[in-house]
Amino acid sequence: MYLAILGYLLLVLLIVLLLKSKATPMVLFILLPIGIALLAGFSPVTINEYAKAGVSTTTSNAILFCFSILFFNMMNDVGVFDPIINFIVKRFGKNVVGICVAAVLVAIVGHLDGSSSTTLLITIPFFAPIFKKMRINPCLLVLLCGVALGVMNLTPWAGAVARVSVVTGVESTYLWRRLMPMQGVGLIAGVAIAVIYGKREVRLGAGLKGDETLDLNTAEKKPLDWKYFVNLALTIGTIVILSIGSFTATSYLWLQPVWRQ
């Protein structure tokens, strides 16, 4: 009971100090647990052993998480996803329902690295002017991004699966293979939500009026040379390897974009 009370105290202190910006998260997450552990009566030697045990259970997932952010961000920087995003936006056209579906699909592609900030930085700046021009409720864009984030957070390098993997001791890629059917249903449901709410916006008067035109402002087209296809193959191969789970997380560190364009 005493330890439980100290645990809740630790959580409250973390939240309060973070909200008041009294220190950086890294400092708080290191010093506060040590202070609470000392208050609970644990010796420095015991705390050190606990820290070693904790790090040993989270190392592989931390490596996988860092790898995914670096790898997919680099692939995004070299333009691997640009043709895919441009195709999605142009394919679904300039109608309200199509734009809503495109927003979900772009957010799904953007969340391949498991980072919510990357997804929002890719999706929101691009679609916000389009939603405004077509008189679509901007709150719907946030909703569609949230749907994509929730579904793609089931990847093994995302926070949700990584935390479950640490707690249960089960390899994250193994968990992902079991979650794939549900993730597939979630992706279909995300598109369905975009269609339903898109039609709702049409009924509420969204869309272009009269002679209005919409400039999608897609990224400038670049010729797709053999370097692009090598990087694309490397990206697809990495996702396949992660889904099969043939390698441990530390095996992914050698993967990186072959050529920057």
Inset, instruction - Give a residue-ordered list of calculated ³J(HN,Hα) values for the stretch 18-24 (Karplus: 6.51 cos²θ - 1.76 cosθ + 1.60, θ = phi - 60°; whole Hz; x for Gly, Pro). - result: 5, 5, 8, 6, 6, 6, 6
Inset, instruction - Taking every pair of Cα atoms in the stretch 1-154, average 1/r, invert it to obtain the Kirkwood radius, and report Rg/Rh to two decimals. - result: 1.14
Legend entry - Order of exposure, largest accessible area first, which applies to Trp176, Trp226 with probe 1.4 Å: Trp226, Trp176
Inset, instruction - Specify the inter-centroid distance of the stretch 74-143 and the stretch 10-62, based on alpha-carbon positions, in whole Å. - result: 38
Inset, instruction - Working with all protein chains in place, sort Tyr174, Tyr8, Tyr228, Tyr50 by solvent-accessible area computed with a 1.4 Å probe, largest first. - result: Tyr8, Tyr50, Tyr174, Tyr228
Legend entry - HN-Hα J in Hz across the stretch 75-80 - Karplus 6.51, -1.76, 1.60, θ = phi - 60°, x for Gly and Pro: 4, 5, 5, 7, x, 5
Legend entry - Cβ charges +1 (Lys, Arg) and -1 (Asp, Glu), total dipole of the stretch 86-165, debye: 360
Legend entry - Projected label distance in nm at Lys20 and Arg177, using a 7 Å step from Cα toward the beta-carbon: 4.9
Inset, instruction - Sort Ser43, Ser115 by accessible area with a 1.4 Å probe, largest first. - result: Ser43, Ser115
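The values are calculated or read from the model by the stated rules, or taken from the named source; none is laboratory data. A quick note: this is a predicted structure, and the numbers were derived from the prediction, not measured. Methodologically, a virtual Cβ is constructed for each residue, glycine included, from the backbone with ideal geometry; neighbour enumeration extends over all protein chains shown. Side chains are part of the model used for accessible areas, which takes the heavy atoms of the whole protein and leaves out ligands, DNA and RNA. Shrake-Rupley method; radii C 1.70, N 1.55, O 1.52, S 1.80 Å.
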